[in-house]
1. With a 10 Å Cβ neighbour count serving as the proxy for reagent exposure, in which order, fewest first, do 174, 219 appear?
2. Can you bin the range 157-198 into rounded, prolate or oblate? Criterion: square roots of the alpha carbon gyration tensor eigenvalues sorted a ≥ b ≥ c, rounded for a/c under 1.5, prolate for a/b above b/c, oblate for the rest.
3. Provide, for q = 0.10 Å⁻¹, the log10 of I(q)/I(0) from a solvent-free Debye sum over equal Cα point scatterers in the range 180-301.
4. If only Cα atoms are counted, what is the Rg of the range 237-301, and what is its Dmax, in Å?
5. At a threshold of 8 angstrom on Cα-Cα distance, excluding pairs fewer than six apart, so keeping six or more, what relative contact order does the chain reach in percent?
6. Out of 89, 250, 123, whose Cα points farthest toward the positive end of the dipole of the chain (charges: +1 Lys, Arg; -1 Asp, Glu; placed on Cβ)?
7. Wrap a convex hull around the Cα atoms of the range 102-195, take a quarter of its surface area, and give that in square nanometres.
8. Dipole size in debye (nearest 20) for the range 139-249 around its Cα centre, Lys and Arg Cβ +1, Asp and Glu Cβ -1?
Amino acid sequence: MKARDLRLEPVTVPVGAGLPANRPAHTTRIQLPDHLADLAVEALIDEAELSPKPGLVDRRSNGAHTDMTLALMHASALALWPCLRNMAAAAQTIGTIGQPLRASLGQLGREGEAAMLAATHGVNTHRGAIWALGLLVAAKALDPDASASTVAARAGRIALFDDPAMPQQHSHGLQVRQRYGRSGAREQAQQGFPAVIGHGLPHLQRSRASGASEANARLDALLAIMAVLSDTCVLWRSGPAGLAAVQQGARAVLDAGGSATLAGRRHLRALDQQLLQLNASPGGAADLLAACLFLDKAGSL
Ligand SMILES: CC(C)(COP(=O)(O)OP(=O)(O)OC[C@H]1O[C@@H](n2cnc3c(N)ncnc32)[C@H](O[C@H]2O[C@H](COP(=O)(O)OP(=O)(O)OP(=O)(O)O)[C@@H](O)[C@H]2O)[C@@H]1O)[C@@H](O)C(=O)NCCC(=O)NCCS
Ligand SMILES: Nc1ncnc2[nH]cnc12
């Protein structure tokens, strides 16, 4: 079914996946924006729940964070549902990539950031995720049949437009980009999410195919993203030396066979301890893992 039809017709989404075999699956009619928001929030919760994640909030601990908890990550993810739904709906209504869509996503993104801060009492849990998932749900809503790489490339084209209403920013990302001349969340999106399409998703699929558990496959996807990403959260907290430690440590786990192997697990423990010592948190990579899980879940609808 093409995007044009979906603007008029609700999608029929099977409900019942994961039910016991003796419970008949039935179908219900869910609007596409609702469905995409469901998948995006599910991806955020899956990312938060994945454990153990080096330096990050997970089921074991708050990682390198004093102000975040797993409960806060859940509250933040759930608070973003209306924003993500409205972004997908805006893409359907506007229908094409261009300045009007970018402006609309910018406005909805700022509303989403406000909802996040209200839910977390001012803690920045998901700013990068609002950006990445917002662009991706919009691109997916424009063409629900598109592949993950096409969706990411189209999200990148949306990100290339300027948002005229964007206020002057003094963000951490901007400051470290100026200080160290590295790229950040904006460039990652504008380039079509290379860390996700070229590293996270292929590793997720490769680890699954090699028999790793779903948790290990997701962990390997996170490590593959960490190994290549210029993560401005890490740069802000621990500078280029911290970023080099994150990238080399993640690469060492993968080179040792990945998180499902004993050798990989040893490297992972060492990396976790090193990140805590450096106060380094790969929050940008965590957001991109959520983006990767969203694209994986959305497949072709
Ligand atoms: C264009 C924006 C993305 C703004 O980007 P900019 O880089 O200027 O701003 P930041 O807010 O600093 O960074 C954005 C967040 O993106 C994540 N991130 C970092 N590096 C990358 C990367 N290379 N690729 C992709 N994503 C990346 C990261 O988010 C996560 O970390 C946050 C927590 O960090 P933490 O250090 O713990 O907390 P802080 O409070 O910052 O500091 P301290 O605690 O250390 O004191 C958490 O949010 C994670 O999500 C970066 O933070 C865009 O955001 C923008 O312009 N938005 C405006 C509205 C808009 O257009 N919205 C979207 C429409 S689709
Ligand atoms: N699990 C996590 N821990 C810390 N920061 C994050 N940003 C997004 N997900 C995160």
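Derivation of every value follows stated rules applied to the coordinates shown; laboratory data play no part. Since the model is a prediction, treat every value here as computed from it, not as a measurement. Here Cβ is always computed from backbone atoms with ideal geometry, including for glycine, and neighbour counts include all displayed protein chains.
1. Least to most surrounded, the residues fall as 174, 219.
2. oblate
3. Each listed q corresponds, in turn, to -0.28.
4. Expressed in Å, the Cα Rg and Dmax of the range 237-301 come to 13.8, 43.
5. 20
6. Ranked along the dipole, the leading option is 250.
7. Mean shadow area of the hull around the Cα atoms is 6.5 nm².
8. That gives a dipole near 220 debye.
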